[in-house]
Amino acid sequence: MKPNPSLADLPLRPELIGEEPYGAPQLDVPVCLNVNENPFPPNAEIAADMAAAITAGATGLNRYPDREATGLRTALATYLGHGLTIENIWAANGSNEVMTHLLGAFGGPGRTLLSFTPTYSMYPEYARNTHTRYVTAPRHDDYSLDADLIGSAIAEHDAGVVIITTPNNPTGTPTALQVIAEVLAHTDAVVVVDEAYQEFSRHPEQTALTLLPRFGNLIVSRTMSKAFALAGGRVGYFAAAPAIVDACRIVRLPYHLSAQTQIVAETALRHADFLLGQVDQLRRTRDEMLVRLPELGVEVIDSDANFCLFGAFADRHDVWQRLLDRGVLIRETGPAGWLRVSVGTPEETETFYTALAEVLEEIR
Ligand SMILES: *Cc1c(COP(=O)(O)O)cnc(C)c1O
């Protein structure tokens with residue numbers, strides 16, 4: 001082959017031809033409200049604790065890390081409560097690796113993953129990368145789900161793996177526990193409840209974790225990226241029956257969680273009170289946003305997460321660009337004409353309102 005080939009010269013898998021890498025734009029702007037991060041950084045004490053723990057761990061870096069991430073999984077079980085222990089917990093480099101493990105174990109050629117649109121844009125990529133067929137069923141007009149809709153879609157597509165995202169991204173819509181319980185009572189498909197935003201919900205205690213003792217095919221997925229303010233640490237995890245954890249052990253790459261990742265995440269969990277303490281503030285700002293956006297003259301979808309979907313615009317890209325021109329980066333995602341904005345600090349969120357008011361004036 002000639003030197004410096006282009007993608008087209010390489011024997012790429014046919015299903016990857018023409019695909020683009022995942023990319024919310026990473027732009028250096030004053031106000032980043034585009035990927036639902038927690039806007040409050042770890043404080044100086046936590047940062048110093050992380051640095052000290054990394055320094056202490058550095059002398060052991062000639063050795064492979066603990067393959068079982070014993071300390072981290074134990075700490076995650078303690079954080080979740082509900083009588084869970086290390087055997088119930090799996091952890092990996094972000095929810096995206098957790099999902100890849102689950103599809104590596106339960107998806108694959110001839111198997112189908114089902115989700116309910118509009119929803120998280122990464123799911124089709126996990127399916128593609130694991131050779132799993134990806135199908136979707138539309139949510140109701142108000143973006144809600146009920147057991148009939150979910151059950152019929154499972155039957156229609158013969159789905160082996162089902163993802164119920166609650167609160168849903170990008171709409172913020174929660175799905176009631178009774179709905180999830182009813183679905184589980186009628187299927188043996190693997191049901192992943194993606195609770196990436198559960199800590200932000202108005203009723204965080206109404207979690208699918210409470211259903212784990214009843215249903216062996218239930219997986220409750222969480223992340224440290226959002227409420228825990230640790231997106232940069234890359235730690236996602238789930239709680240499920242121990243056999244599901246064993247299945248993930250088969251497909252994970254050896255030593256998939258680096259020693260540094262385990263150390264940083266365990267340190268963050270020791271500071272859970274502080275890190276999660278900011279969640280109340282974010283919830284309040286979210287509730288305000290649900291009032292402020294309509295006051296500015298746009299429609300907003302009721303949200304139980306740390307973001308809001310608002311619109312609808314004839315040209316949403318134009319609105320997105322005009323906000324970016326004012327130093328505010330949000331996300332073009334979801335149904336045509338709608339935009340998603342993450343909840344920032346009170347100051348960032350005020351800057352967003354001011355910019356949006358100006359933009360709306362301009363395009364009126
Ligand atoms: C942000 C998000 C996650 C978490 O992703 P990580 O890979 O853990 O950062 C999971 N699910 C949904 C729906 C999300 O929006």
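Rule-based calculations on the coordinates, nothing more; no lab input. Here the structure is a predicted model, which is why all the values come from computation and not from measurement. Here the Cβ is made from the backbone with ideal geometry for all residues, glycine too, and neighbour counts use every protein chain on show.
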Over the stretch 54-271, what is the relative contact order in whole percent, taking alpha-carbon pairs under 8 Å and six or more residues apart? 28
Estimated vicinal HN-Hα couplings, Hz - the stretch 145-154 in sequence order (Karplus 6.51, -1.76, 1.60; Gly, Pro = x): 10, 10, 5, 5, 4, 5, x, 5, 5, 4
Residues listed by number, the stretch 277-300, amide nitrogen under 18 Å from R202 label point at 7 Å toward C-beta: 280-295, 300
Which one of G71, T351, A159 has its Cα pushed farthest toward the positive end of the charge dipole of the chain, where Lys and Arg give +1 and Asp and Glu give -1 at the Cβ? G71
Could you compute the net charge surrounding L72? Neighbours are other residues with a C-beta less than 12 Å from the C-beta of L72; K and R count +1, D and E count -1. 0
Once the other residues with Cβ under 13 Å from the Cβ of R139 are scored (Lys, Arg +1; Asp, Glu -1), what is the net sum? -4
Ignoring everything except DSSP H segments at least 4 long, calculate the 222 nm mean residue ellipticity for the chain; use -39,500 (n - 2.57) per segment, divide by total residues, nearest 500. -12000 deg cm²/dmol
Roughly how many whole Å is it from the C-alpha centroid of the stretch 139-166 to that of the stretch 232-307? 23
Excluding L84 itself, what net charge comes from residues whose Cβ is under 12 Å from its Cβ, given Lys and Arg +1 and Asp and Glu -1? +1
Regarding the stretch 54-271, what are the three Cα extents along the principal axes, ordered largest first, in Å? 55, 39, 29
Per residue of the stretch 193-203, in order, report the coupling 6.51 cos²θ - 1.76 cosθ + 1.60 (Karplus, θ = phi - 60°) as ³J(HN,Hα) in whole Hz, putting x for Gly and Pro. 9, 8, 9, 4, 10, 4, 5, 8, 6, 5, 10
Per 5 angstrom bin, beginning at 0 and ending with the bin that holds the maximum distance, the Cα pairs of the stretch 269-364 fall in percents of 3, 13, 24, 25, 17, 8, 5, 3, 1, 0, 0
Express the C-alpha Rg of the stretch 143-227 as a ratio against the empirical globular expectation 2.2 N^0.38 Å, rounded to two decimals. 1.03
Hey, could you pull the Cα Rg and Dmax for the stretch 165-204, both in Å? 10.7, 30
Out of every Cα pair in the stretch 1-131, what percent are spaced more than 19 Å from each other? 73
If eta is 0.692 mPa s and T is 37 °C, what Stokes-Einstein diffusion coefficient results for the chain, Kirkwood Rh from Cα pairs, in µm²/s? 152
Work from the charge dipole of the chain (Cβ charges, +1 for Lys and Arg, -1 for Asp and Glu, about the Cα centre) and give the residue of Q206, A189, L145 farthest towards its positive end. A189
Cβ neighbours within 10 Å, averaged per peptide: list 182-195, 347-360 in order, most packed at the top. 182-195, 347-360
Ordered by packing density, taken as the mean number of other Cβ atoms within 10 Å over each peptide's residues, highest first, how do 160-172, 259-271 rank? 160-172, 259-271
Using the crude model of +1 on Lys and Arg Cβ and -1 on Asp and Glu Cβ, and no other charge, please compute the dipole size for the stretch 54-271 relative to its Cα centre, in debye to 20. 760
